Amino acid sequence: MIFDWSYAWDILPQLGRALAVTLQATALGMALALTLGLALALARRSRHRLVAWPVAAFVEFVRSTPLLVQIFFLFYVLPDIGVQLTPLAAGVAALGIHYAAYCSEVYRAGLEAVPKGQWEAAAALNLGRWRTLRAIIIPQAIPPVVPALGNYLVAMFKDTPLLSAITVLELLQTAKLIGSETFRYVEPLTLVGLLFLVLSLVSAAAIQWAERRLRLET
């Protein structure tokens with residue numbers, strides 16, 4: 001089948017609307033993953049075992065189960081206990097929680113890489129634990145792990161097609177629907193591949209830029 005450029009231009013606005021859904025799911029999911037991941041990393045480093053052990057078990061459980069299973073659980077199982085989520089909300093929550101488990105390990109590595117002398121110096125200045133974390137440890141721990149966190153951003157972006165399993169009309173699902181209606185799959189799937197490629201490259205470039213800026217500031 002020959003690629004029809006006029007047909008590709010005709011379906012581009014429809015794919016653009018679906019791309020907005022994909023970007024929204026990625027942005028919200030990554031915001032949740034970064035925030036929750038840091039909270040999990042700090043909790044896992046807690047001195048209290050009743051806090052650290054359950055968090056460690058939760059992280060390992062999430063990392064050891066497929067993302068698609070977690071998506072199904074949030075969308076189909078939670079309503080049985082009275083928690084009703086829209087397809088997009090369930091998808092964002094699943095992406096955020098899944099990648100929060102991975103981001104927490106990245107954060108933990110960054111926190112553990114900060115020299116212990118920083119803690120000792122803060123203690124000598126009579127700074128509390130949380131103030132030390134907020135003002136001294138975390139600002140030093142974050143810049144080195146930005147590339148790893150950025151990799152998870154790109155990975156999450158490429159995992160958004162899984163949300164089609166719970167009826168989210170993201171980019172790939174929209175392309176499949178267009179193909180099933182017109183029996184032309186070459187143009188929509190080619191455009192989807194190009195959009196994913198371009199946006200992944202743009203994201204990678206933005207991550208490299210952020211990494212350079214953080215290095216200059218530190």
Inset, instruction - Please find, within region 146-158, the residue that is surrounded by the fewest Cβ atoms within 10 Å (Cβ to Cβ) out of those that are touching a Ser or Thr at 6+ places or on another chain (Cβ under 8 Å) and among the aliphatic types (A, V, I, L, M). - result: Val154
Inset, instruction - Just name the residue that is surrounded by the most Cβ atoms within 10 Å (Cβ to Cβ) out of those in region 31-78 that are basic (Lys, Arg) and part of a helix (DSSP H, G or I). - result: Arg44
Legend entry - Some residue of region 65-84 being within 13 Å of the chain's Cα centre (by Cα) and not acidic (Asp, Glu): yes
Inset, instruction - Could you list all residues from region 147-174 that are touching a Leu at 6+ places or on another chain (Cβ under 7 Å), aliphatic (A, V, I, L, M) and under 11 Å from Phe196 (Cβ atoms)? - result: Leu171
Inset, instruction - Scan Leu149, Leu153, Leu214, Leu197 and give me the residue that is more than 24 Å from Arg45 (Cβ to Cβ) and either assigned to a helix (DSSP H, G or I) or not polar (S, T, N, Q) (or both). - result: Leu197
Legend entry - Residue satisfying condition, being at pLDDT below 90 and either in contact with a helix residue (DSSP H, G or I) (Cβ under 9 Å, 6 or more places away or on another chain) or surrounded by 15 or more Cβ atoms within 10 Å (Cβ to Cβ) (or both), within set Pro188, Pro143, Pro139, Pro161: Pro143
Legend entry - Residue under evaluation Trp119, criteria (1) of a type in the set (Phe, Trp, Tyr); (2) closer than 29 Å to Arg45 by Cβ; (3) surrounded by fewer than 16 Cβ atoms within 10 Å (Cβ to Cβ), criterion not met: (3)
Inset, instruction - Starting from residues that are free of Cβ contacts under 8 Å to residues at least 60 places away in the same chain and not acidic (Asp, Glu), keep the ones in region 6-16 and report whichever is surrounded by the most Cβ atoms within 10 Å (Cβ to Cβ). - result: Gly16
Inset, instruction - Check whether at least one residue in region 130-150 is more than 25 Å from the chain's Cα centre (by Cα) and either touching a residue at least 12 places away in the same chain (Cβ under 8 Å) or under 25 Å from Gln24 (Cα atoms) (or both), and report yes or no. - result: yes
Inset, instruction - Name every residue in region 22-63 that is among the charged types (D, E, K, R), closer than 16 Å to Ile97 by Cα and more than 19 Å from the chain's Cα centre (by Cα), in order of residue number. - result: Arg44
Inset, instruction - Report whether or not Ala113 is in contact with a helix residue (DSSP H, G or I) (Cβ under 9 Å, 6 or more places away or on another chain), modelled with pLDDT under 90 and closer than 24 Å to Tyr152 by Cα. - result: yes
Inset, instruction - With respect to Leu201, determine if the residue is of a type outside the set (Val, Ile, Thr) and within 24 Å of Asp10 (Cα to Cα). - result: no
Legend entry - Leading residue by the ranking (farthest from Leu23 (Cα to Cα)) among those in region 159-194 that are β-branched (Val, Ile, Thr) and assigned to a loop (DSSP other than H, G, I, E, B): Thr167
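The values are calculated or read from the model by the stated rules, or taken from the named source; none is laboratory data. The model shown is predicted, which means the values in this text are computed figures rather than measured ones. When we count neighbours, we look across all protein chains shown, and the Cβ atoms used for this are built from the backbone with ideal geometry, even at glycine.
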